[in-house]
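For reference, the structure discussed in these notes is given below.
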Amino acid sequence: MKRHIVIPAVALVLSAVAFGAQEYALARYGLTLKFGEWLWLQLGIGWAFVLSGVVAERAQPESGIGRWFWVIGTIWIGRLVFVPPLIQWETIGLVALYGLFAVVLFTYPSGRVLGQWRPLAIAYISVVTVFAVAITATFDFYAWVDDPVCCPSHLLLISHQPDLNQALLTIGGAIVAAAVLALVAVLVLRYRRGSRVVRRSVIVTSLAAVPLAIVVVVMPIVSATTSGFSAFEVADAADTRSTMWIQAIVLAALPIVLAIDLVRTRYSKSRVADMVIAIDPAMSASQLQAQVQKALADPSARLAFAGDTDGELVGVNGNTVITADGQDRTAIADDAYLIHDRAVGSDERDAAARAVSLAISNARLEAQLRAQLAVTRESRQRIVSATDDERRRIERDLHDGAQQRLVALAATLAAARRGDSTVPDDLAALLDQAAGEAEAAMGELRDLARGVHPAILEQAGLKPAIESLGDRSPVPVTVDIDPGRFPSAIETAAYFIAAEAITNAAKHARASEVTVRARVEGGLIRLDVADDGEGGLDPAKGSGIRGLEDRSMALGGSLTYESGPDGTTIHATIPISEGG
Amino acid sequence: MRVLIAEDSVLLKEGLIRILEDAGFEVTAAVSDAESLVNRVRADTPDVCVVDVRMPPKLEADGLEAAIELRSEFPDLGILILSQYVEPHYSLELLETGSSGVGYLLKERVSDEEDFLDAVTAVGNGGTRIDPAVVAQLFGRKRKDDPLDRLTDRERDVLAAMAEGKTNSAIAETHFMSVKTVESHIRSIFMKLDLDTDGDVNRRVLAVLRWLRS
């Protein structure tokens, strides 16, 4: 981002100006620095904030922390540009920024102030800023500058009131100290109540906050007019130098520590990516859950699914799952949920949820496929055994019927040829008998052939074939079929479905009429066979309807039926494809 | 009378040739597939064709299709269809090409030479012949409140005979009635069944068959 170049550049310019201003002041007013390194320390703090801010923002741009830091850093450096006695915002900047640290640490790691706390945060910062302004306005930092040419003192001075100023400093310092102590208290509370995810960020924040607390609470105890607030005092004490250094180190460390943590946790996003890669369609639900826990760094994370009762959620091991305090529930798919610690970032949570949702729907698809395969296999087996049964039936019918007659025929003809012993008149009788047997055999074979596969179905199509069925049906059949030819497998299936339905209607349901309707619409044949019988169609009793379902399914279609005391209707839908 | 035979079963074809020639018919040609049938009819212009429903090349209803095609070209050509199966559908299709000179017989009817030859002659002369088995099947259809129940036994017999394509005099002869009686039965039948009377013997076959089928 461009600003990650611009901001350090601006900070650099400000630093140079600050340095230049200090040199100018020293020369112009003949001043000496109390601690020569003061400016460098201050610049160091500022730069720590600027650079940490830039790094943090690059690592996790959606976190506000980075922005806070470089803003703080830039202001920190900016406030160092002062040319006594005119410009004195150094104190304002210092005090205000001290106040800000507490807020920033409160909001780590998101850098966002939660809605309900926002008014309080704004109020607090406003108060601290007001104090900062008041403190500056009531103290003449440069009273000791003896310059008749210049203005009486710095521009923001309203009136030099050392006692008031002292009071303001004390109160203001107390407010800031209280805020920092509150921060510490909150951190302790979060630690005790929070999950491992929360505890982690508390520890990190504490590394910065606790030293800050020490400095901020200790500082007001040490004299307010020491070098913490201005470089140009004359008082000289060893402990104030060390105070200054401690202050500088603590302050500079604050953003650096937090930035390092932000950089490290950036990799949590790649943990989700790793999880996606690791997810395997064959994974069980508990394995998936383990992956999620790893990716979100949240051991309390759970996958939950809608249970049998309303509102109940069931976990990967079948037990009930509840959303504990401090946890949130995110919906993954239709009836699956991810329960996770509230502190888990929304991006990670969403990414994990999406990945799990994919895995779940994959698993579901696979389960459906397996179930479908099982159904198909069963259906195929039924079709094969139905075919075998059919063959057996044909063999039996042939054996018992036509074959018997032909045997009798042959015997009769043989007897005729022998010129059987008795009266020749019997010859005519024998031949008549033979002819009769032959005719009967032909009739039976004709019927058998029709039962196996009616020639007219293949020759003339579905409508004539079903009309032909109607001719021989014991129940009146009304035929209402769209004309046209279809692939042979489809015509065959439709024919046998209608035939079975008509037989059932006549034999079992004692219907008085049957209607066969077939329509072609949208690349499908819809066959409806309705009768007005007693119903009673049941796949458990006899395999008739099952066989028809199998026929339909084998062609990629479906079969449903309603059967009740008012009649039975069978609906078959078969798609028309070129494969036939 | 000049007859053309179209039959793919060799045994039956030879049988037909022998029966017809013995009875004095002139067999102009005997073919065994649908295409040859069409070509030979165009070449020989016989009076009547005896055609198997099922023939090469498709072994579906090739014979029937060829015959129907020929009827549009030769409206006076008599067509006698032979079929293995009792299928009213084919009769109706044939009748719808024009009712004169149309016949449908079961193959086994061939073994009854007299009936068979009679049918060939009738169809060749422009009459209609429908196999009794077909008519019987149509009679056997189950109907709601069967209107046929309103007919007397004699009337039913006359109706069946009409459906087979018999003329009134033929009916009178075979049923031992006078022609007048036959005619009055017919009027009664048509009234009871709410059918339109039409003098033409052939057209009434179509009407009756249609009625029986509906």
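Any read-out appearing in this document is the output of simple, stated calculations on the displayed coordinates, not a laboratory observation. The model shown is predicted, which means the values in this text are computed figures rather than measured ones. Cβ atoms come from the backbone with ideal geometry, glycine included; neighbour counts cover every protein chain shown.
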(request) Mind putting together the pair-distance distribution for the stretch B:41-111? All Cα pairs, 5 Å bins, whole percent per bin, short to long. (result) 4, 17, 31, 26, 17, 6, 0
(request) With only Lys, Arg, Asp and Glu charged, each at its Cβ (+1 for the first two, -1 for the last two), find how big the charge dipole of the stretch A:437-580 is about the Cα centre; round to the nearest 20 debye. (result) 200 debye
(message) What's the magnitude of the charge dipole for the stretch B:100-214 around its Cα centre, counting Lys and Arg as +1 and Asp and Glu as -1 at the beta-carbon? Answer in Debye, nearest 20.
(response) 540 debye
(request) Would you mind getting me the FRET efficiency between A:R241 and A:F19? Use the beta-carbon distance for r and R0 = 22 Å, nearest 0.05. (result) 0.60
(request) Answer rounded, prolate or oblate for the stretch A:383-494, using the Cα gyration tensor with square roots of eigenvalues a ≥ b ≥ c: rounded when a/c is under 1.5, else prolate when a/b is larger than b/c, else oblate. (result) prolate
(message) Per 0.36 nm of contour for each residue apart, how much would the distance between B:D76 and B:A43 grow if the chain were fully extended, relative to their Cα-Cα spacing?
(response) 10.4 nm
(message) Semi-axes of the equivalent ellipsoid for the stretch B:1-98, please: Cα gyration tensor eigenvalues, times 5, square-rooted, ordered largest first, whole Å.
(response) 19, 16, 13
(request) Counting only DSSP beta bridges with both residues in the protein assembly as shown, tell me the antiparallel percent, nearest 5. (result) 55 percent
(message) Could you sort the peptides A:394-404, A:39-49, A:12-22 by per-residue average Cβ neighbour count (10 Å cutoff), highest mean leading?
(response) A:39-49, A:12-22, A:394-404
(message) As I understand it, the dipole of the protein assembly as shown uses +1 on the Cβ of Lys and Arg and -1 on the Cβ of Asp and Glu, about the Cα centre. Which of A:S126, B:V205, A:I171 lies farthest toward its positive end?
(response) A:I171
(message) As I understand it, the value is the acute angle between the Cα axis of helix B:179-192 and the longest principal axis of the Cα atoms of chain B; what does it come to in degrees, rounded to 10?
(response) 80 degrees
(message) Tell me whether the stretch A:302-357 comes out rounded, prolate or oblate; compute the Cα gyration tensor, take square roots of the eigenvalues as a ≥ b ≥ c, and use a/c under 1.5 as the rounded threshold.
(response) oblate
(request) Can you pull the one-decimal nm distance between simple spin-label points at A:D447 and A:T129, each 7 Å off the Cα toward Cβ? (result) 10.6 nm
(request) Check the straight Cα-Cα distances from B:K180 and name the lysines below 24 Å, setting aside those fewer than 8 residues away within the same chain. (result) B:K166, B:K192
(message) Checking the a/c ratio against 1.5 first, then a/b against b/c, what shape does the Cα gyration tensor give for the protein assembly as shown?
(response) prolate
(message) Placing unit charges on C-beta atoms (Lys and Arg positive, Asp and Glu negative, everything else neutral), compute the dipole magnitude of the protein assembly as shown about its Cα centre in debye, rounded to 20.
(response) 5480 debye
(request) Measure nothing fancy, just the Cα-based angle from helix B:10-22's long axis to the longest principal axis of chain B, in degrees from 0 to 90, nearest 10. (result) 70 degrees
(message) I'd like to compare A:306-312, A:379-385: which one has the highest average count of other Cβ atoms within 10 Å, and what's the full order after that?
(response) A:379-385, A:306-312
(request) Working from Cα positions, state the angle (0 to 90°, nearest 10) between the long axis of helix B:62-73 and the longest principal axis of chain B. (result) 80 degrees
(request) Please report, in Å, the Rg and the Dmax of the stretch A:165-212, where both are computed over Cα atoms only. (result) 13.7, 46
(request) Calculate, in nm to one decimal, what A:R417 and A:V276 gain on full extension: separation in residues at 0.36 nm each, minus their alpha carbon distance. (result) 41.7 nm
(request) Place +1 on the Cβ of every Lys and Arg and -1 on the Cβ of every Asp and Glu in the protein assembly as shown, take the dipole about the Cα centre, and give the residue among A:A285, A:T330, B:I81 whose Cα lies farthest towards its positive end. (result) A:T330
(message) For B:K107, give me every one of the lysines with a C-alpha distance below 17 angstrom, ignoring sequence neighbours fewer than eight places off in its own chain.
(response) B:K13
(request) Two decimals is fine: what is log10 I(q)/I(0) at q = 0.23 Å⁻¹ for the stretch A:476-580, from a Debye sum with one equal scatterer on every Cα and no solvent? (result) -1.23
(request) Straight distance only, please: which aspartates and glutamates reach the Cα of A:K294 with their own Cα at less than 18 Å, same-chain residues fewer than 8 apart left out? (result) A:D274, A:D280, A:D328, A:D341, A:D347, A:E348, A:D350
(request) Find which of B:V102, B:V38, B:F116 sits farthest along the positive direction of the dipole of the stretch B:26-132, computed with +1 on the beta-carbon of Lys and Arg, -1 on that of Asp and Glu, about the Cα centre. (result) B:V38
(request) Per residue of B:75-88, count partner chain C-beta atoms within 10 Å of its C-beta, then hand back the mean as an integer. (result) 3
(message) Could you check the spin-label model distance between A:A331 and B:E173? Points 7 Å from the Cα along Cα→Cβ, value in nm.
(response) 8.9 nm
(request) Could you pull out which residues in the stretch B:149-170 have an amide N less than 14 Å from a spot 7 Å beyond the Cα of B:S184, following the Cα-Cβ vector? (result) B:155
